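Engineer: Input: one structure, supplied below.
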Amino acid sequence: MNRKKAISEIPAANGEIKYKMVRYLRYKLNLKIFFFFILIIFTMTISSIIIGYKVVIKTVENEIHSKLSGSISAYSQEIKFIEQNDLRIARHLSEDKEIIGLLNTGQYNRLEQKLRDYFIMKIVDIIEIESPEGKVIRRGHNPEMAGDIKIQQSIIRTGLSGKSVVSYEKGRSGFAIRAVSPISYNNRIIGLIMAGSRFSKNFVDHIRALTGIDNGIYRDDDKIISTYSGYKKISSNTVKKLKAGKIIFIDKAVLNNEKSYLILKPLFSANENYWGALCMAISVKAESKFLIYYRKLLIFMIGLGVILSLILYFFLAKNINQSLRKIISGIDGFLINDFTTRINLDGNDEFSKIADSFNKLARKLQLYNNRIIKLQEDMVQSAKLAAAGQLAAGLAHEIRNPLSSIKMMTQIMREKLKGDGNRKEITIILNEIERINHIVKELIEFAKPSAMHFQNQNINDIIINLLNLFKYRIEHQGIEVEQDLPETLPEIPVDTEKIKVCIINIIVNAVQAMPRGGILSTSTGLSGSDNILIRICDTGEGIEQSFIKNIFEPFFTTKREGTGLGLALAKVIIERHQGHIYVKSNKNGTCFTILLPLKHKDTDMII
């Protein structure tokens, strides 16, 4: 009995052992998988930290080099800009008729005062005039020091040879740029004008404040001015490289008693000889700060990535695959001639951001495509205007001369036919000739606009005067005038006569659009902080929408007796005022809107 019981218990024991063994094996397998997974994560993490840290070091060094290169390039461009400006001023002053006259007649006191005026206006820091012997005649920046001899300076000798030249100078206050231009009278040089700019300690400190980078200027190998201490001389080997035109990077130079990255860019004088160098420097501590920050950020991001990957992997795998399929499908379906493709992803994860970026890119491409089409249309319009201008110029000049002769002969005939019944017909002929002459003037003004003469004017006064000019015609046609012209409107710089021509053309069109009466409304006001707005509206029949885009084109008109130049000329006048003109029209009337700037943006162009 006991033996049977023992035998019956064997299968049960074997089953329990098998269950425990399977559970053990499963546990061991899971443990291996987990161990290898952790080992892979740990290995990848350590490798990422090491590689990432080295990449960060290299990136920071490259960033500092890039920052120094960009800064020294901007610094050099600033020097070049000041050189060109000083040279342009020197050339301009050397051609000033008043300066030439004063110098030629020996009126040195008045000459000194004029130079002093330029200096007071802060146009230049250095301004003086030398005689052909190289002697300083008068100074504007320091009048009491006139009289020293500079004939030994190469820049003076170059100027006396008839050339305008710019060079550098080491002075008591630091570094200076000087430009010299010869003053000629009757094909002989009667003197030299010198204009220049100083670079003092305040200048390099200002550059330091703007860029956050130390900077300095060297003459040959000696430091002139700088925002840092130390590195007073450039090594002879470095000077050789600078003379060859190379930009030099120096790692771990000692500035301000600490190691720094330094860049040197050579300066060459007017005769292409090495003069000195520009310098910019960043402390190594800046690199250390970047490294500490990036190292912490790198470790934090890797650790966070490991944790999040373990937690979120199983939950996001399905969503990732679905999102990727949609993104790939959207990209594959994108066509270069069809910008309507969009990727629709819900949520706020990385893939939805990629989809949003793709959609923004598609919208931008669509916008750029529309802009390209608009630019093509503008190019066609410009070609039309150019052709119209050439045609107008040739036609106007061909008509004007014989027209003047016809007018003169007709006037003589009218004088001879006093008391004759034909005098009335000749007067009609003269009126028609005057009309043709007016059209010719418009053609010439459109083809070759005359010079602008700007004066500050109140635009309301101009509009009121023009409305009074048309008062009889307006009242005769039963037109009601509405005005909204605020008294507080500021004055703006305009060419009065030309702006009158522009507004007259718009008012004439409005009056012609209301032969049986209507309302002519004029209003002005400020548009933002930069422009004045002028609006002229009528309640006429309006302009067909198909004609709107063509009304500013030359020779386009819907009137039997129109020339098609009125609105084209108005647009040219407004654009020469740096303004804009717009039109809106429907069956209830037409509105012209003009925007004129309170101040011109480009004074040189206006003059």
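Values in this text are rule-based calculations from the coordinates and carry no lab data. It should be emphasised that the depicted structure is a prediction, and the values quoted were computed from it without experimental measurement. For neighbour counting, all protein chains shown are included, and Cβ atoms are generated from backbone atoms with ideal geometry for every residue, glycine included.
Engineer: Would you please report the Å³ per residue occupied by the convex hull of the alpha carbon atoms in region 502-558?
Structural biologist: Output value, Cα hull per residue: 116 Å³.
Engineer: Normalised by the number of residues in region 452-606, what is the relative contact order in percent for Cα pairs under 8 Å and 6+ residues apart?
Structural biologist: 24 percent
Engineer: Let me ask you something else. Want the number for LYS360 to SER131: 0.36 nm per residue separation, take away the alpha-carbon distance, what's left?
Structural biologist: 75.8 nm
Engineer: Let me ask another. Assuming 0.36 nm per residue, please report the length gained on full extension of the stretch THR341 to TYR108 beyond their Cα-Cα distance.
Structural biologist: Additional length available on full extension: 76.2 nm.
Engineer: Kindly state, to the nearest 0.05, the FRET efficiency for LYS241 paired with LYS170, given R0 = 22 Å and r defined as their beta-carbon distance.
Structural biologist: Working from the Cβ atoms, E equals 0.55.
Engineer: Given a cut-off of under 8 Å on Cα pairs at least six residues apart, what relative contact order in percent is computed for region 95-199?
Structural biologist: Dividing the mean separation by the residue count of region 95-199 yields 25 percent.
Engineer: Give the long-range amide H neighbours of ILE225: residues separated by 5 or more places, or on another chain, with amide H under 5 Å away, using H modelled in the peptide plane at 1.01 Å from N.
Structural biologist: ILE217
Engineer: Please give the FRET efficiency for ILE406 paired with ILE373, using the beta carbon to beta carbon distance and R0 = 51 Å, rounded to the nearest 0.05.
Structural biologist: Calculated value: 0.60.
Engineer: Under a plain spin-label model, where a point goes 7 Å from the Cα along Cα-to-Cβ, how far apart in nm are LYS416 and GLU575?
Structural biologist: For the pair LYS416/GLU575, the computed spacing is 4.8 nm.
Engineer: Of LYS265/LYS364; LYS80/LYS233; LYS67/LYS241; LYS122/LYS601, which pairs sit farther than 30 Å apart, going by alpha carbon to alpha carbon?
Structural biologist: Correct reply: LYS265/LYS364.
Engineer: Stretch LYS601-ASN186 to full length: gain in nm at 0.36 nm per residue minus the Cα-Cα span?
Structural biologist: 145.6 nm
Engineer: Starting with the fewest neighbours, write out MET409, MET280 ranked by other beta-carbon atoms found within 10 Å of each beta-carbon.
Structural biologist: MET409, MET280
Engineer: Filter the trypsin sites (Lys or Arg not before Pro) in region 210-251 to those in DSSP coil with at most 11 other Cβ atoms within 10 Å of their Cβ, and list the result.
Structural biologist: Listed in order of number, the matching sites are LYS232.
Engineer: Once the Cβ-Cβ distance between ASP484 and SER200 is put in as r, and R0 is 60 Å, what FRET efficiency do you end up with, to the nearest 0.05?
Structural biologist: That gives a FRET efficiency of 0.65.
Engineer: If you take the Cα Rg of region 95-199 and divide it by 2.2 N^0.38 Å, with N the number of residues, what do you get?
Structural biologist: Scaled against compact globular proteins, the figure is 0.98.
Engineer: Please state the Cα pair-distance histogram of region 452-606 with 10 angstrom bins from zero: what percent is in each bin?
Structural biologist: All Cα pairs, binned at 10 Å, distribute as 11, 41, 36, 12, 1 percent.
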